[in-house]
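To start, the structure itself, in structure tokens.
The values are calculated or read from the model by the stated rules, or taken from the named source; none is laboratory data. What you see is a predicted model, and the numbers here were worked out from it, not measured in a lab. Here the Cβ positions follow ideal geometry from the backbone for every residue, glycine too, while neighbour counts run over all protein chains shown. Calculation scope for accessible area: heavy atoms of the full protein, side chains included, ligands and nucleic acids excluded. Shrake-Rupley method; radii C 1.70, N 1.55, O 1.52, S 1.80 Å.
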Amino acid sequence: MAVGAGVTGPHGTLLEPTSLRARSGELLLATGPPRSGRTALALLLAGRLRPGTGTVLRNGKRDPTELRRTVAVVDAPGITEPEGSIELREVIAEGLGIAGRPFGARAVRTWLAERGLRQQAGVRFEQLAPHYRTWVLLDLARARREVETLVLDCPDRHGGEASRWHAVAREAANHGYAVVALCSPHTAVELGEVPARIGEHNGVSPPEEQAETTTPSVADSGSL
């Protein structure tokens, strides 16, 4: 859960104070226009960026180390986004290695075969349909045993039908993960979803009210 969490960089505001709550088994869309700090929000939720205002909690507790261990940032531009020119088999090997799984040629072939992607092993990652890229990256993030929350960074930037990557993200939530998908306001309208909005409190108590309560507002395992 983010409570009034914002970030100010050397040249100005990177993320206006934002509050949102993500729960295990649910998919939450979070929207904002370009340069509203969508990637900054993703990194905050994963404990990879320190908030200048407010805080980010896991199960009601402030613990950046646990956030980094249990929250995966998926497909963040220039950060966790795979290089588009490399082959799918290389993306799989790298993702399995990061997840602490075997990542040799045999392990990669098995992974591809189990998902019906053996014929696409040598395809450049950027040539896969957008929703297939999202599916692959979410699946690899789920390979990390300790991961409980998946933060998907702007899959709509790749084009394609939003409903297709949305279905992939929903499937991950159905497996018990808390899933936050960052996207444009237009995409949220297209999907017919009511999103959390960057720069707003989104039904979460403001920071001063959070400080006055002694009862954590999030108690679900794997929730923010």
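A few points about this structure:
- Hydrodynamic radius by Kirkwood, which averages 1/r over all alpha carbon pairs of segment 93-173, in angstrom: 13.4 Å
- Using a probe of 1.4 angstrom and keeping all protein chains present, the accessible surface of segment 67-191 works out to 47 square angstrom per residue.
- Per-q log10 I(q)/I(0), segment 59-109, q = 0.22, 0.23 Å⁻¹ (Debye; single scatterer per alpha-carbon; no solvent): -0.88, -0.92
- log₁₀ of I(q)/I(0) at q = 0.20 Å⁻¹ - segment 30-126, Debye sum with one point per alpha carbon: -0.99
- Solvent-accessible area, 1.4 Å probe, carbon plus sulfur percent, for segment 90-139: 50 percent
- For VAL74, the amide hydrogen comes within under 5 Å of the amide hydrogens of VAL151, LEU152, ASP153, counting only partners 5 or more places away or on other chains and with H modelled in the peptide plane.
- Helices assigned as whole DSSP H runs in the chain whose Cα atoms extend at least 27 Å along their own long axis and whose mean Kyte-Doolittle hydropathy is -0.5 or higher are not found.
- Magnitude of the charge dipole for segment 52-122, about its Cα centre and with charges confined to Cβ atoms of Lys, Arg (+1) and Asp, Glu (-1), is about 380 debye.
- Spatial separation of Cα centroids for segment 58-92 and segment 125-194, in angstrom: 13 Å
- In the chain, inverting the average of 1/r over every pair of distinct C-alpha atoms gives 17.8 Å as the Kirkwood radius.
- Dipole of the chain [Lys/Arg +1, Asp/Glu -1 at C-beta], most positive-end residue of GLY32, ALA42, PRO10: ALA42
- The modelled label-to-label distance for the pair LYS61/GLU190, using points 7 Å beyond Cα in the direction of Cβ, is 4.1 nm.
- Within segment 10-76: Cβ-based charge dipole about Cα centre, in debye rounded to nearest 20 (Lys, Arg +1; Asp, Glu -1): 180 debye
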